[in-house]
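*Asks:* Dropping the structure in here first, questions after.
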Amino acid sequence: TWTMEEFIGKEITRIREICGPKGRVIGAVSGGVDSTVAAKLMHEAIGDRFHAIMVDNGVLRMNESKQVHEMLSRDLGVNLTIIDASERFLGLLAGVEDPEQKRKIIGNTFIHVFEEQAARLEKEAEVEEEKGSEKGKVEWLLQGTLYPDVIESISFKGPSATIKTHHNVGGLLKDMKLKLIEPLRELFKDEVRALGRLLSIPAPLVQRHPFPGPGLAIRILGPVTREQVKILQQADQIYLEEIRKAELYDNISQAFAVLLPVRAVGVMGDKRTYEQVIALRAVQSEDFMTADWYVFPPEVLRRISSRITNEVDGINRVTYDISSKPPATVEWL
Ligand code: XMP
């Protein structure tokens with residue numbers, strides 16, 4: 001048996017040994033639990049020789065990159081670069097409806113953008129080293145891989161791996177000469193959360209629901225445009241705000257809004273409207289292989305629905321998804 005305090009001490013020592021006195025590490029961060037905890041641990045171990053990179057792919061939640069900046073950079077002191085690549089991603093996504101195509105575009109573009117950033121940092125590090133900096137070359141790539149991911153990639157049996165292409169940072173190392181550093185590879189999710197708490201990562205972040213790599217692109221059922229992203233961001237924001245206010249966030253494993261590419265008739269004042277529909281999803285699940293739809297108190301649903309239809313331009317109807325997994329999946333795409 002071991003304690004989490006011992007784990008932190010040992011892992012920090014191990015990271016320092018691996019990186020040596022000068023080596024630098026880069027890693028992608030998303031605002032999720034795993035990458036945040038991994039980044040904070042690297043920062044504790046090697047300070048600003050760890051470089052975090054966040055790629056804004058244009059399909060993040062409302063103000064996501066701003067919040068990541070405030071938390072990781074301002075509050076936790078991590079060396080962070082945010083790259084706004086939303087034009088590039090949305091350009092490539094234009095007109096694409098097929099979900100697997102959306103996943104591929106986002107996964108591949110992410111890899112390209114990240115590799116460009118890595119190359120830029122490697123150049124900068126070389127120049128600095130020549131000028132006598134005590135920081136050396138970029139030699140390592142941080143990945144927030146957890147134990148279940150390690151198992152899944154060995155056995156590759158999970159339905160999630162076979163049914164949908166799950167794009168996290170998996171393909172990243174193929175062409176890069178960086179070596180891999182995976183401080184979380186022996187931990188389960190609840191252990192990562194415990195580790196995060198010990199590293200003083202704020203509770204709301206540690207308890208965060210998972211958010212898929214392809215982001216809102218797989219929650220917009222038709223083509224992805226800036227306008228559609230904006231509508232979904234607003235609905236999602238209201239939905240999660242009301243869930244938090246009702247103190248239900250921690251009872252739910254994952255909650256999100258989905259934008260349906262259909263128009264329904266409604267009425268506003270004495271006029272007919274013809275606008276889009278939001279579907280709300282909330283599930284309880286142990287491991288996301290199976291999931292039950294969540295039973296909300298009716299007054300919470302009533303408030304959410306009335307706020308979304310009143311506050312979000314372009315939406316006149318809200319539905320609640322009462323499908324379990326299986327046969328439905330958690331995401332709609
Ligand atoms: P499904 O829809 O397969 O979702 O029942 C199970 C869990 O996986 C997440 N998910 C993804 N995560 N990239 C990700 O990083 C993806 O392409 C992806 N597709 C689904 C989903 O949000 C849920 O937590």
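The values are calculated or read from the model by the stated rules, or taken from the named source; none is laboratory data. Fair warning: this is a prediction, and the values are worked out from it, not measured in the lab. So basically every Cβ, Gly included, is an ideal-geometry build from the backbone, and we count neighbours across all protein chains shown.
*Asks:* Out of curiosity, is residue 264 within 16 Å of the ligand (Cβ to nearest atom), outside any loop (DSSP other than H, G, I, E, B) and either within 29 Å of residue 73 (Cβ to Cβ) or in contact (Cβ under 8 Å) with a residue 12 or more places away in the chain (or both)? Walk me through it before giving the result.
*Replies:* Details: within 16 Å of the ligand (Cβ to nearest atom): no; outside any loop (DSSP other than H, G, I, E, B): yes; either within 29 Å of residue 73 (Cβ to Cβ) or in contact (Cβ under 8 Å) with a residue 12 or more places away in the chain (or both): yes.
It is false that residue 264 is within 16 Å of the ligand (Cβ to nearest atom), outside any loop (DSSP other than H, G, I, E, B) and either within 29 Å of residue 73 (Cβ to Cβ) or in contact (Cβ under 8 Å) with a residue 12 or more places away in the chain (or both).
*Asks:* State whether the residues of segment 31-45 include one that is of a type in the set (Ser, Thr, Tyr), within 22 Å of residue 197 (Cα to Cα) and surrounded by fewer than 21 Cβ atoms within 10 Å (Cβ to Cβ).
*Replies:* Filtering segment 31-45 for residues of a type in the set (Ser, Thr, Tyr) gives 35-36.
From what's left, within 22 Å of residue 197 (Cα to Cα): 35-36.
Then drop every residue that is not surrounded by fewer than 21 Cβ atoms within 10 Å (Cβ to Cβ), which leaves none.
No, every residue in segment 31-45 fails to be of a type in the set (Ser, Thr, Tyr), within 22 Å of residue 197 (Cα to Cα) and surrounded by fewer than 21 Cβ atoms within 10 Å (Cβ to Cβ).
*Asks:* Inside segment 280-304, can you point out the residues that are within 16 Å of residue 242 (Cβ to Cβ) and either touching a residue at least 40 places away in the same chain (Cβ under 8 Å) or hydroxyl-bearing (Ser, Thr, Tyr) (or both)?
*Replies:* Of everything in segment 280-304, those that are within 16 Å of residue 242 (Cβ to Cβ) and either touching a residue at least 40 places away in the same chain (Cβ under 8 Å) or hydroxyl-bearing (Ser, Thr, Tyr) (or both) turn out to be 280, 281, 294, 296, 297, 300, 303, 304.
*Asks:* Still on this structure, I have one more. Are any of the residues in segment 77-98 surrounded by fewer than 18 Cβ atoms within 10 Å (Cβ to Cβ), within 14 Å of the ligand (Cβ to nearest atom), farther than 30 Å from residue 202 by Cβ and over 17 Å from the mean Cα position of the chain (by Cα)?
*Replies:* Within segment 77-98 (the criterion being surrounded by fewer than 18 Cβ atoms within 10 Å (Cβ to Cβ), within 14 Å of the ligand (Cβ to nearest atom), farther than 30 Å from residue 202 by Cβ and over 17 Å from the mean Cα position of the chain (by Cα)), the answer is yes, since at least one residue qualifies.
*Asks:* Pairs under 6 Å by beta carbon, first residue at negative phi and at pLDDT 95 or above in segment 74-100, partner acidic (Asp, Glu) and not in a strand (DSSP E or B), six or more apart or different chains?
*Replies:* These pairs meet every condition: 79/48.
*Asks:* Further, regarding this structure: So residue 247 ticks every box in (1) away from the ligand (no atom under 16 Å from the Cβ); (2) under 23 Å from residue 62 (Cα atoms); (3) in contact with a helix residue (DSSP H, G or I) (Cβ under 9 Å, 6 or more places away or on another chain) but one. Which box is left unticked?
*Replies:* Only one criterion is unmet by residue 247, namely (3).
*Asks:* So which of 184, 195, 216, 205 is within 16 Å of the ligand (Cβ to nearest atom), touching a residue at least 40 places away in the same chain (Cβ under 8 Å) and either outside any loop (DSSP other than H, G, I, E, B) or among the β-branched types (Val, Ile, Thr) (or both)?
*Replies:* Working: 184 fails: either outside any loop (DSSP other than H, G, I, E, B) or among the β-branched types (Val, Ile, Thr) (or both); 195 fails: within 16 Å of the ligand (Cβ to nearest atom); 205 fails: within 16 Å of the ligand (Cβ to nearest atom).
From the options 184, 195, 216, 205, the qualifying one is 216.
*Asks:* Among the residues of segment 299-333, how many are in a loop (DSSP other than H, G, I, E, B) and either of a type in the set (D, E, K, R) or away from the ligand (no atom under 16 Å from the Cβ) (or both)?
*Replies:* So in segment 299-333, the residues in a loop (DSSP other than H, G, I, E, B) come out as 312-314, 321-324, 326-333.
Those left that are additionally either of a type in the set (D, E, K, R) or away from the ligand (no atom under 16 Å from the Cβ) (or both): 312-314, 321, 331.
Number satisfying all stated conditions: 5.
*Asks:* Are any residues in segment 41-92 farther than 29 Å from residue 239 by Cα and charged (D, E, K, R), and if so, which ones?
*Replies:* 44, 48, 49 - these are the residues of segment 41-92 that are farther than 29 Å from residue 239 by Cα and charged (D, E, K, R).
*Asks:* OK, next. Can you pull out the residues in segment 219-233 that are within 16 Å of the ligand (Cβ to nearest atom) and not in a helix (DSSP H, G or I)?
*Replies:* Quick first cut of segment 219-233, residues within 16 Å of the ligand (Cβ to nearest atom) only: 219-221, 224, 232.
Within segment 219-233, 219, 220, 221, 224 meet the criteria.
*Asks:* Something else now. What's the total number of residues in segment 289-298 that are within 14 Å of the ligand (Cβ to nearest atom) and either outside any loop (DSSP other than H, G, I, E, B) or within 27 Å of residue 268 (Cβ to Cβ) (or both)?
*Replies:* Result for segment 289-298: 3.
*Asks:* Looking for something assigned to a helix (DSSP H, G or I) and within 16 Å of the ligand (Cβ to nearest atom) - is there at least one such residue anywhere in segment 120-141?
*Replies:* Pass one, segment 120-141, residues assigned to a helix (DSSP H, G or I): 120-130.
Subsequent filtering for residues that are within 16 Å of the ligand (Cβ to nearest atom) retains none.
No, because not a single residue in segment 120-141 is assigned to a helix (DSSP H, G or I) and within 16 Å of the ligand (Cβ to nearest atom).
*Asks:* Condition first: closer than 26 Å to residue 23 by Cα and not aliphatic (A, V, I, L, M). Now tell me which residues in segment 44-78 satisfy that. Spell out how you get there, then give the answer.
*Replies:* Residues of segment 44-78 that are closer than 26 Å to residue 23 by Cα, as a first pass: 44-55, 68-69, 71-78.
Once the filter is applied, which keeps residues that are closer than 26 Å to residue 23 by Cα and not aliphatic (A, V, I, L, M), segment 44-78 yields 44, 47, 48, 49, 50, 51, 69, 73, 74, 75, 77.
*Asks:* In segment 55-97, what count of residues is obtained for those that are in a helix (DSSP H, G or I) and closer than 16 Å to residue 39 by Cβ? So that I can check it myself, show each step before the final result.
*Replies:* Initially, segment 55-97 is screened for residues in a helix (DSSP H, G or I), giving 64-75, 86-93.
Going one step further and asking which of them are closer than 16 Å to residue 39 by Cβ, we end up with 64-65, 67-75.
Residues in segment 55-97 being in a helix (DSSP H, G or I) and closer than 16 Å to residue 39 by Cβ: 11 in total.
*Asks:* Also, quick follow-up: Which condition breaks for residue 286 when tested against (1) among the acidic types (Asp, Glu); (2) within 16 Å of the ligand (Cβ to nearest atom); (3) out of contact with any Ser or Thr (no Cβ under 6 Å at 6 or more places or on another chain); (4) not in a loop (DSSP other than H, G, I, E, B)?
*Replies:* Condition not satisfied by residue 286: (4).
*Asks:* Right, next: With respect to the numbered conditions (1) within 16 Å of the chain's Cα centre (by Cα); (2) farther than 23 Å from residue 149 by Cβ, which one is the sole condition not fulfilled by residue 29?
*Replies:* Looking at each condition in turn, residue 29 falls short on (2).
*Asks:* Residue by residue through segment 1-41, note down the ones that are of a type in the set (Val, Ile, Thr) and free of Cβ contacts under 8 Å to residues at least 40 places away in the same chain. Quick ask: steps written out before the conclusion?
*Replies:* Of segment 1-41, the ones of a type in the set (Val, Ile, Thr) are 1, 3, 8, 12-13, 15, 18, 25-26, 29, 33, 36-37.
The answer is 1, 3, 12, 13.
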